[in-house]
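> Structure in structure tokens, see below.
The values are calculated or read from the model by the stated rules, or taken from the named source; none is laboratory data. Please read these numbers as outputs of a predicted model, since none were measured by experiment. Reconstructed Cβ throughout: ideal geometry from the backbone, glycine too, with neighbour counts over all protein chains shown. These accessible areas exclude ligands, DNA and RNA; they are computed on the full protein's heavy atoms, side chains included. Shrake-Rupley method; radii C 1.70, N 1.55, O 1.52, S 1.80 Å.
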Amino acid sequence: LGYHVVKIDDVMRDLSLVTKKRKNAIDKGITLEEACAGKTYAMVTMGCQMNAADSERLEGGLLDLGMTEAEESKDADVIILNTCSIREHAEAKVYSYVGPQAKRKRDGEDVTIVVAGCVAQQEGARLLRRAPEV
């Protein structure tokens with residue numbers, strides 16, 4: 001999309017988004033809203049009730065940016081995995097879901113893969129080493 005999300009502050013009702021433009025966004029002179037307009041997303045929520053609530057808030061933010069929900073995750077421009085590490089084999093489930101999406105990216109599709117939640121925090125750099133497409 002041309003932007004790196006650096007930080008999201010959630011104050012229950014209002015999301016404060018801090019971004020850093022990537023080179024292609026700077027070159028094109030586009031705003032975040034312009035970059036997101038017409039794009040589709042797929043939200044995959046794994047685990048706890050807190051993640052379900054977080055996913056709803058994230059979806060609200062995506063809709064505010066002009067994105068629409070894709071009918072199939074395999075067709076989405078942006079894939080968001082909101083993960084929970086409480087469930088058994090949580091990390092393995094995340095990697096198994098990231099695999100096909102990462103292949104789309106390696107095959108040249110313009111897809112953005114986002115991993116959020118507990119597994120993202122716990123895996124951190126390991127996740128990025130194992131799946132650099134994220």
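> What is the residue count in the range 52-96 for residues that are among the hydroxyl-bearing types (Ser, Thr, Tyr), modelled with pLDDT under 85 and open to solvent by 50 Å² or more (accessible area, probe 1.4 Å)?
1
> If you scan the range 123-132, which residues turn out to be assigned to a loop (DSSP other than H, G, I, E, B) and farther than 14 Å from LEU81 by Cα?
PRO132
> Return the only residue of ALA120, ALA102 being among the hydrophobic types (A, V, I, L, M, F, W, C), in a helix (DSSP H, G or I), in contact (Cβ under 8 Å) with a residue 12 or more places away in the chain and more than 22 Å from ASP54 (Cβ to Cβ).
Checking each option against the conditions leaves just ALA102.
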